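I have placed the structure first, in the form of structure tokens, so that the comments after it can refer back to it.
No value in this document is a laboratory result; all are computed from the given coordinates. Since the structure is predicted, the reported quantities are computational estimates derived from the model, not experimental observations. Neighbour counts are summed over all protein chains in view; Cβ atoms, including those assigned to glycine, are modelled from backbone coordinates with ideal geometry.
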Amino acid sequence: MSKLTIRISDGAADIPREAWTALCAPGHPFLNGDFLRIVEEHGVAVPDAGWQPLHLVASENGKIVGLLPLYLKGHSHGDFIYDWSWKAVWERFGHRYYPRLVSGLPYTPVAGPRLLIAPVASDRSAVCDALITAAQGIVAGNGFSTWHVALASSADIDAVAASGLLVSHDVQYQWSDAGFGDFDGFLQSFSAEKRRKVRAERRRAAESGLRIAVRHGDEIDRDEWPVLHALYKSTFDRFGNYAAFSPECFAELATTLGDRMVVFTASDGDETVALSLCFRSDDTLFGRYWGARRQVDSLHFELCFYRGIDYCLRHGLTRFEPGAGGEHKIARGFTPQIVRSAHWIPDPEMRRVIAPHLERQKLGIAAYHDDARSHLPFRKP
């Protein structure tokens, strides 16, 4: 008879790399022990930064058969739950909101599996239930306010909802290949007016005289990262936000992930003046960070959107997720997609307060999604 046990790991490095490899999608740049280990070891996701790793590890007869990435969060930065207003609600009812638990990827708004279950597990649903119960037990045992499962896959949302978690909804904009062949083929799917606008933007970027290049992580020298990092950081400084990653963290991610990191740069002679930093899986490109030393007409669209689409078409990737937010993506061929997160609220009173809010949000997001689709640039049938 198999024996299932759950333990808490205080860091991704504590979990054998082969376990991550066996449980995660092959080639995924984020759902692996390398990414989480590096961001933890470089201070991006550590207790001093408000991220305390409490990863749940399920073992069956001594063999790891399940993982649930889990962090104790002292704030709402970088987890994309968008629960900033919840703190005031909890305090209004005499409760403390922080810290709370989050299952997700630090500073990475990428949807996907969160309950990682091995195909060889004797009872996969039992492993799933055990991980969910363990997370709920940590909340109850420590008096935490909530447990959030950020941007989970549909299967995981169904599993946690069946265990009593409430579901929230949001919209992201994503590109998918409909057999376009190349970038010109993609533009042929646009209406004539929208097609002219994209071509005009690309022409203005080309007329800037900047040299645009694309390289993978293992093609970038370590001593280049301070310059590239300064471009990344400039965007956060401009808006008064916190740039979580360090040059050393980016350098190790680049070396370790290799061609799973994709960097688009624009240079003026020997000076790099802009970058778009992306990651990729076997079938999807993920846009993450943008930075520039100076304003250049349409350069943001060229580096962050058009070059990414072109990369996908050249390399056989079928999806491009350029990150959270940004209605301007609609006119450039990115289709609105509904993504979901889930929330365990053990306090009955707070659950009664939040549940109607999430139901109203669901209706609002559905209406917004439908309206946004009506503004897509594609030719009408």
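The table below gives the values:
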{"read-out": "For Val65, residues with placed amide H under 5 Å, excluding near neighbours", "value": "Ala58, Ser59, Glu60"}
{"read-out": "Cα-derived Rg to Rh of the stretch 178-317, Kirkwood definition", "value": "0.98"}
{"read-out": "Modelled FRET efficiency - R0 41 Å, Asp221 with Ile338, Cβ distances, 0.05 increments", "value": "0.50"}
{"read-out": "Counted charge near Glu201, where neighbours are those whose Cβ lies closer than 9 Å (Asp, Glu -1; Lys, Arg +1)", "value": "+4"}
{"read-out": "Of Leu115, Leu363, Leu299, the one that fluctuates the most in a GNM where the chain has Cα springs shorter than 10 Å", "value": "Leu363"}
{"read-out": "Built amide H within the under 5 Å cut-off of Ala45, gap 5+", "value": "Glu40"}
{"read-out": "Residues Phe286, Phe236 arranged by fewest to most Cβ contacts within 10 Å", "value": "Phe236, Phe286"}
{"read-out": "Net length gained if the chain between Thr5 and Lys380 were fully extended (0.36 nm per residue, minus Cα distance)", "value": "129.5 nm"}
{"read-out": "Net charge of neighbours whose Cβ lies under 12 Å from the Cβ of Ser59, counting Lys and Arg as +1 and Asp and Glu as -1", "value": "+2"}
{"read-out": "C-alpha center-to-center spacing [the stretch 279-303, the stretch 151-166] in angstrom", "value": "32"}
{"read-out": "Coil-residue chymotrypsin sites (Phe, Trp or Tyr not before Pro) of the stretch 23-111, DSSP, other Cβ within 10 Å capped at 12", "value": "Trp84, Phe93"}
{"read-out": "Shape category assigned to the stretch 16-71 from the gyration tensor of Cα positions, a/c cut at 1.5", "value": "oblate"}
{"read-out": "HN-Hα J in Hz across the stretch 78-83 - Karplus 6.51, -1.76, 1.60, θ = phi - 60°, x for Gly and Pro", "value": "x, 10, 6, 7, 6, 10"}
{"read-out": "Neighbour-count order for Ser59, Ser103, Ser374, fewest beta carbons within 10 angstrom listed first", "value": "Ser374, Ser59, Ser103"}
{"read-out": "Along the chain, longest interval not containing exposed trypsin sites (Lys or Arg not before Pro), exposed being DSSP loop plus at most 10 other Cβ atoms within 10 Å", "value": "4-293"}
{"read-out": "Alpha-carbon centroids, the stretch 322-369 and the stretch 79-122: separation in whole Å", "value": "14"}
{"read-out": "Nearest-0.05 FRET efficiency for Asp259 and Thr133, computed from C-beta distance (R0 25 Å)", "value": "0.05"}
{"read-out": "Per-residue Cβ neighbour rank within 10 angstrom, fewest leading, Phe239, Phe334", "value": "Phe239, Phe334"}
{"read-out": "The chain: relative contact order in percent, alpha carbon pairs under 8 Å with at least 6 residues between", "value": "19"}
{"read-out": "Length released on extending from Tyr242 to Gln188, taking residue separation times 0.36 nm less the Cα-Cα span", "value": "15.4 nm"}
{"read-out": "Residues Arg314 and Ser163, FRET efficiency given R0 of 51 Å [Cβ-Cβ distance, rounded to 0.05]", "value": "0.75"}
{"read-out": "12 Å beta-carbon shell around Val44, net charge (K/R +1, D/E -1)", "value": "-4"}
{"read-out": "Cα centroid of the stretch 183-232 to Cα centroid of the stretch 1-73, whole Å", "value": "35"}
